[in-house]
Amino acid sequence: MWLARRTLAKLSTPPSSRPSRHHRLLSSRASAVLSALDIPTTPTELPGVYDGEWKGSGDLLQSVCPATGEVLADVKSASPAELHGALERTREAYIYFRSIPAPRRGDIIRQIREALAAKRDELGALVSLEMGKIRTEGVGEVQEFVDICDYAVGLSRTMNGRVINSERPGHTILEGESDRFRFILAHPCCPVPNPLGVLGVLSAFNFPVAVYGWNLAISMAAGNATIWKPSPTTPLCSIAVTKIVSGVLEKNNVPGAVAGLVTGGKDVGEALTQSRDVDMVSFTGSENVGRIVGKSVQSRFGKVLLELGGNNAAIVMPDADLSLAVPAVFFGSVGTAGQRCTSTRRLYLHRAIAPEFLSRLRTLYASPALRPGDPLDPRTLLGPLHSRAALDIFDNAIAELKAADAHILVGAGQDGGRYEDLPAPLDRGHFVRPTIAAPRSKPGPTSALWTTERFAPVLYVAEFDELEEAIEWNNAVPQGLSSSLWTRDVRHVGKWIGPAGSDAGIVNVNVGTSGAEIGAAFGGNKSTGWGRESGGDAWKQYVRWSACTINFSDEAPLAQGVNFTPS
């Protein structure tokens with residue numbers, strides 16, 4: 001057990017003040033959502049630590065509904081002692097769980113999938129209530145967790161290595177997870193992948209359920225134990241999910257710390273990244289924090305998976321089907337109020353179709369259906385920004401555009417982009433006007449307007465003449481998460497996905513930048529962090545790989561023809 005002393009000193013320092021508890025009844029909308037998930041609705045402090053038992057005696061975290069400003073709950077985060085204890089129990093749980101055959105682990109994941117599916121709509125409503133995304137997106141996020149569980153169930157029987165031809169007679173090279181090689185001769189049909197250890201998941205506010213699901217399902221299939229530190233602003237989502245998962249583990253006599261939870265602020269996250277008991281850290285968040293996390297984990301030679309900024313671009317060619325492209329850009333830029341990692345933030349239009357495209361897009365932005373509303377109302381398309389910090393990001397982006405004399409096509413006007421005339425209780429929410437702007441500066445690596453990601457519904461537009469120019473603009477940013485080309489010309493497609501094309505981790509054709517499925521690995525390049533989660537070959541990061549050469553002959557020759565026999 002190891003934690004940096006300076007981190008423990010920070011954790012041991014009592015807070016200067018605690019958030020005040022609002023001793024008042026919850027609204028009926030909030031009570032209905034919480035009650036459906038067995039979360040208390042009476043004024044109480046909820047335990048935010050789970051390691052087989054629920055506890056919590058650290059700083060109080062306050063869950064606030066971003067649509068109404070209503071205080072939903074106070075959550076007791078992890079104290080230093082509780083964090084130590086949770087790490088110890090997670091390590092113990094890993095030692096137990098790694099010995100369970102992978103197909104049996106897969107069956108436990110299947111049961112988790114069924115338990116989540118049974119509460120999909122209720123969990124989706126909680127995502128809408130606490131994070132702020134609209135109802136259909138909240139439910140869709142929980143569905144991602146369900147889907148990745150399906151994927152992990154199959155994966156539990158197919159985590160295989162390779163057999164490689166050896167240059168030496170009577171030798172075979174096996175490349176794969178090292179634990180397999182103890183069993184490969186006795187049990188050639190039942191390879192057992194060797195787990196990595198303890199996975200620490202530090203997730204962000206914008207996907208308070210799905211990102212954890214991507215990691216947990218694959219990590220469990222690999223035989224690891226997981227300890228989750230969610231965003232401090234979405235503790236209720238993490239508590240609800242952990243209650244569901246722990247219920248399945250308990251029924252299967254599996255230690256609850258296989259899927260542990262430690263809520264808290266910066267210091268708790270910092271302690272996890274520095275702990276030598278955490279073999280791998282999966283972090284989703286900003287580029288600035290990601291740099292700190294990466295250095296911290298790598299300084300102790302741990303594994304790190306980073307999912308960071310995504311300054312994503314869509315390129316529309318003159319032959320594109322605008323009936324498909326316009327709605328996709330609309331959702332990409334406005335969906336989740338511009339708070340997805342894959343949100344469309346840059347739009348490059350071929351000059352021949354730019355007027356028509358923008359006319360159609362502006363019509364969608366001006367639709368009465370885009371009016372702010374309660375995220376729990378299925379008719380609502382525009383939810384709030386998640387926090388006051390997010391409002392500041394939006395305000396700063398608009399101020400920068402106006403200072404640069406950019407042309408504001410839609411959105412932020414004299415009011416700065418804030419809604420001032422909403423009825424109660426939405427008048428206390430964090431609602432802003434989705435904005436389209438055409439900066440005067442040319443896209444390129446020297447323009448901060450284009451190269452800086454702003455986590456808000458602000459879309460930056462420019463016109464181009466040749467595809468090569470648009471690809472250059474697409475690549476001229478530090479980030480490299482998602483990208484999208486709209487065309488019906490196969491020659492454009494070949495160039496876009498080839499070596500001179502997009503340098504992002506997701507390179508779509510006639511599909512928007514936002515809304516990835518779980519089947520493919522999700523992640524980005526460059527300052528997005530090079531991490532990969534979810535499907536594809538992402539599982540290979542969650543296991544410990546070894547190469548093993550087995551000699552089944554009566555001789556022991558050296559490789560490369562080396563002769564080391566005394567004369």
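The values are calculated or read from the model by the stated rules, or taken from the named source; none is laboratory data. Note that the structure is a prediction, hence the values are computed from the model and not measured. Cβ atoms come from the backbone with ideal geometry, glycine included; neighbour counts cover every protein chain shown. Each accessible area value is taken on the protein alone, full model and side chains, heavy atoms only, with ligands, DNA and RNA left out. Shrake-Rupley method; radii C 1.70, N 1.55, O 1.52, S 1.80 Å.
What does the charge add up to near Gly256, with Lys and Arg as +1, Asp and Glu as -1, over the other residues with Cβ less than 10 Å from its Cβ?
Net charge in that neighbourhood comes out at -2.
Can you work out D for the range 269-327 in µm² s⁻¹ from Stokes-Einstein, where Rh is the Kirkwood radius over C-alpha pairs, the temperature is 20 °C and the viscosity is 1.002 mPa s?
Details: Rh = 13.8 Å.
Translational diffusion coefficient: 155 µm²/s.
Given a cut-off of 25 Å, what percent of all Cα-Cα pairs of the range 331-477 lie beyond it? Walk me through the intermediate numbers first.
Working: 2868 of 10731 pairs.
Roughly 27 percent, rounded to a whole number.
Kirkwood hydrodynamic radius of the range 283-398 from all distinct Cα pairs, in Å?
Working: mean 1/r = 0.0598 Å⁻¹.
Hydrodynamic radius (Kirkwood, Cα only) of the range 283-398 equals 16.7 Å.
Cα to Cα, under 17 Å, and not fewer than 8 places away if on the same chain: which aspartates and glutamates meet these conditions relative to Lys526?
Glu287, Glu307, Glu453, Glu472, Asp503
Skip the ligands, DNA and RNA, and give the accessible area per residue of the chain with a 1.4 Å probe, whole Å². Let's see the in-between values first.
Details: 23430 Å² over 567 residues.
The answer is 41 Å² per residue.
Using a cut-off of 11 Å between beta-carbons, work out the net charge of the residues near Ala337 (Lys and Arg +1, Asp and Glu -1, Ala337 not included).
Working: positive: Lys133, Arg340, Arg433; negative: Glu137.
Spelling it out: positives minus negatives among the neighbours equals +2.
Starting with the highest mean, order 228-234, 327-333 by the number of other Cβ atoms within 10 Å, averaged over the residues of each peptide. Walk me through the intermediate numbers first.
Numbers: 228-234: 25.1, 327-333: 22.9.
Most protected by this proxy first, the peptides run 228-234, 327-333.
Over the chain, what percent of the accessible surface lies on carbon and sulfur atoms, probe 1.4 Å?
Working: 12590 of 23430 Å².
C and S fraction of accessible area: 54 percent.
For the chain, place one equal point scatterer on every Cα, skip the solvent, and apply the Debye formula. What is log10 of I(q)/I(0) at q = 0.10 Å⁻¹?
Relative scattering, expressed as log10 I(q)/I(0), comes to -0.87.
For the chain, what is the percent of antiparallel DSSP beta bridges, rounded to the nearest 5?
Details: 29 of 71 bridges.
If I count the DSSP bridges inside the chain, around 40 percent turn out antiparallel.
What does the charge count around Ser502 come to, taking other residues whose C-beta lies under 13 Å from its C-beta (Lys +1, Arg +1, Asp -1, Glu -1)? Intermediate values should be presented prior to the final figure.
Numbers: positive: Arg346, Lys495, Lys526; negative: Glu468, Glu472, Asp503.
Once all neighbours under 13 Å are counted, the net charge is 0.
Size of the range 29-175 along its principal axes in angstrom, Cα-based, largest extent first?
Largest first, the range 29-175 extends 73, 39, 23 Å along its Cα principal axes.
Helix check for the chain. Which DSSP H runs span at least 20 Å along their own axis by Cα, with a mean Kyte-Doolittle hydropathy no less than -1.0?
Details: long enough: 80-97 (25 Å, -0.43); 102-118 (24 Å, -0.35); 135-155 (30 Å, 0.17); 235-251 (24 Å, 1.05); 388-403 (22 Å, 0.37).
Qualifying helices: 80-97, 102-118, 135-155, 235-251, 388-403.
What's the Kirkwood radius of the range 421-496 in Å, using all Cα pairs?
15.1
Quick one: plug the Kirkwood hydrodynamic radius of the range 435-567 (C-alpha pairs) into Stokes-Einstein at 4 °C, 1.567 mPa s, and report D in µm²/s.
In µm²/s, the coefficient rounds to 70.
Which of the trypsin sites (Lys or Arg not before Pro) across the range 245-347 are loop residues per DSSP, with 16 or fewer other Cβ within 10 Å? Numbers along the way, then the final one.
Working: sites: Lys251, Lys266, Arg276, Arg291, Lys295, Arg300, Lys303, Arg340, Arg345, Arg346; in loops: Arg276, Arg300, Arg340.
Loop-located and lightly packed - Arg276, Arg300.
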